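Chemist: This is the structure I have questions about; it appears just below.
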Amino acid sequence: MYRGLSAALSAAVFCCVSILATVPANAQVLAPIWNGVYWGVHGGGSWGGAGSGSETVDLSGGLGGIHSGYQFQSGSLVYGVEGELTFGDVTGGLSDSYALDPILFGQNATFNGRLDLSANMLASLKGRIGYAFGPVMLYASGGLAWTWFDVEANATVSGNGFRYSDGLSGSDMLSGWTVGGGAEMKFTQSISGRIDVSHYNFQDDFSDGNLHINDVDLDFTVVRVGLSFQLN
C-alpha cells in the first residue's frame with residue numbers, strides 16, 4: 001500500500017515540476033484568473049485500512065464524484081472553501097477457519113468466519129489555500145469529512161451431520177478529518193485540470209441495529225484527477 005502511495009506522490013511531484021517549468025517568468029504579474037465559483041468532476045483510487053483494536057483490514061477500490069467551491073485570488077495567493085461528494089467501492093475483508101474442540105462439537109467440526117468492510121460514500125467540507133503561478137496553482141487543503149461505512153460478518157459452524165450459520169450486517173456514517181494537496185492548471189479561462197492526493201481519517205463508534213463496534217479506526221489515501229469549470 002505504501003509503495004503505491006509513494007509512487008503516486010512521486011508522480012504528482014514530477015507532474016507539478018514539469019508544469020512549472022513551462023510557466024513564463026512574468027506569470028506572477030498576470031491579472032487574477034482564479035476568482036469565483038467553480039464546480040467539477042473527479043475520479044481515482046484509494047488505499048488504506050480499517051480496524052478496531054489490534055485487527056486491521058486492508059481496503060482498496062475506485063471512486064468518483066463531484067466537487068464545488070468558491071475561491072479568491074489576491075496577488076499570487078488563492079484561498080477559499082470546497083465541498084465534495086464522492087461515491088465508490090473501497091472494500092476489504094478477511095476470513096478465518098479452524099477446527100473446533102472434538103470433545104464439545106464432535107469429530108471434523110470446523111468454524112468458518114468472514115468479515116467484509118466497505119466505504120461507499122465520501123463527503124468533505126474543507127478550506128483550500130494555494131499559490132498561483134499564472135495558469136498553474138499549487139494548493140493545500142484540509143477540513144471535516146464523513147463516510148458511509150458498511151460492515152458484514154458471517155460465521156458457520158459445521159461437523160458430522162450438522163451445520164449452523166449466522167450473520168450480522170449494518171451501515172453507519174462515520175465522521176473525521178481530511179488533509180491533502182495538489183496542483184491545478186488552467187486550460188482556458190473557465191476550465192482547469194487537477195491532480196490531488198488527500199488523506200482521510202475516521203475514528204468513531206459504529207452502531208446499527210444489533211451490530212455495535214467501539215472505536216473504529218478507518219483511514220485511507222485517495223489519489224485522483226479532475227476537471228473544474230469556473231462559472232464567472
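Laboratory data are not the source of any read-out in this text; all were calculated from the coordinates shown. No experiment lies behind these values; they were computed from the predicted model shown. Here the Cβ is made from the backbone with ideal geometry for all residues, glycine too, and neighbour counts use every protein chain on show.
Chemist: In the stretch 155-185, what residues are touching a helix residue (DSSP H, G or I) at 6+ places or on another chain (Cβ under 6 Å) and over 30 Å from Leu85 (Cβ atoms)?
Modeler: Gly159 - this is the single residue of the stretch 155-185 that is touching a helix residue (DSSP H, G or I) at 6+ places or on another chain (Cβ under 6 Å) and over 30 Å from Leu85 (Cβ atoms).
Chemist: Moving on to the next point. Would you confirm whether or not the stretch 186-205 contains a residue that is touching a residue at least 12 places away in the same chain (Cβ under 8 Å), in contact with a helix residue (DSSP H, G or I) (Cβ under 7 Å, 6 or more places away or on another chain) and either among the aliphatic types (A, V, I, L, M) or more than 30 Å from Gly106 (Cβ to Cβ) (or both)?
Modeler: Yes, the stretch 186-205 contains at least one residue that is touching a residue at least 12 places away in the same chain (Cβ under 8 Å), in contact with a helix residue (DSSP H, G or I) (Cβ under 7 Å, 6 or more places away or on another chain) and either among the aliphatic types (A, V, I, L, M) or more than 30 Å from Gly106 (Cβ to Cβ) (or both).
Chemist: Within the stretch 184-198, is even one residue out of contact with any strand residue (DSSP E or B) (no Cβ under 8 Å at 6 or more places or on another chain) and outside any strand (DSSP E or B)?
Modeler: Taking the stretch 184-198 as the starting set, the residues that turn out to be out of contact with any strand residue (DSSP E or B) (no Cβ under 8 Å at 6 or more places or on another chain) are 188.
Okay, now just the ones that are also outside any strand (DSSP E or B), so 188.
There is at least one residue in the stretch 184-198 that is out of contact with any strand residue (DSSP E or B) (no Cβ under 8 Å at 6 or more places or on another chain) and outside any strand (DSSP E or B).
Chemist: Any chance you could count how many residues in the stretch 125-135 are assigned to a strand (DSSP E or B) and either over 21 Å from Val197 (Cα atoms) or touching a helix residue (DSSP H, G or I) at 6+ places or on another chain (Cβ under 7 Å) (or both)?
Modeler: Quick first cut of the stretch 125-135, residues assigned to a strand (DSSP E or B) only: 125-133.
The next check asks that each one be either over 21 Å from Val197 (Cα atoms) or touching a helix residue (DSSP H, G or I) at 6+ places or on another chain (Cβ under 7 Å) (or both); those that pass are 133.
Going through the stretch 125-135 one residue at a time, the tally reaches 1.
Chemist: Tell me whether the stretch 136-151 contains one or more residues that are more than 22 Å from the chain's Cα centre (by Cα), buried (at least 19 other Cβ atoms within 10 Å of the Cβ) and assigned to a strand (DSSP E or B).
Modeler: Filtering the stretch 136-151 for residues more than 22 Å from the chain's Cα centre (by Cα) gives 136-137.
Narrowing the set further to residues that are buried (at least 19 other Cβ atoms within 10 Å of the Cβ) leaves 136-137.
Next, from what is left, pick out any that are assigned to a strand (DSSP E or B): 136-137.
Yes, the stretch 136-151 contains a residue that is more than 22 Å from the chain's Cα centre (by Cα), buried (at least 19 other Cβ atoms within 10 Å of the Cβ) and assigned to a strand (DSSP E or B).
Chemist: Oh, and also: Let me confirm something: among Gly113, Gly92, Gly167, Gly127, which residue is touching a residue at least 12 places away in the same chain (Cβ under 8 Å) and either surrounded by 17 or more Cβ atoms within 10 Å (Cβ to Cβ) or in contact with a Phe, Trp or Tyr (Cβ under 7 Å, 6 or more places away or on another chain) (or both)? Reasoning before the result, please.
Modeler: Working: Gly113 fails: either surrounded by 17 or more Cβ atoms within 10 Å (Cβ to Cβ) or in contact with a Phe, Trp or Tyr (Cβ under 7 Å, 6 or more places away or on another chain) (or both); Gly167 fails: either surrounded by 17 or more Cβ atoms within 10 Å (Cβ to Cβ) or in contact with a Phe, Trp or Tyr (Cβ under 7 Å, 6 or more places away or on another chain) (or both); Gly127 fails: either surrounded by 17 or more Cβ atoms within 10 Å (Cβ to Cβ) or in contact with a Phe, Trp or Tyr (Cβ under 7 Å, 6 or more places away or on another chain) (or both).
After applying the criteria, what remains is Gly92.
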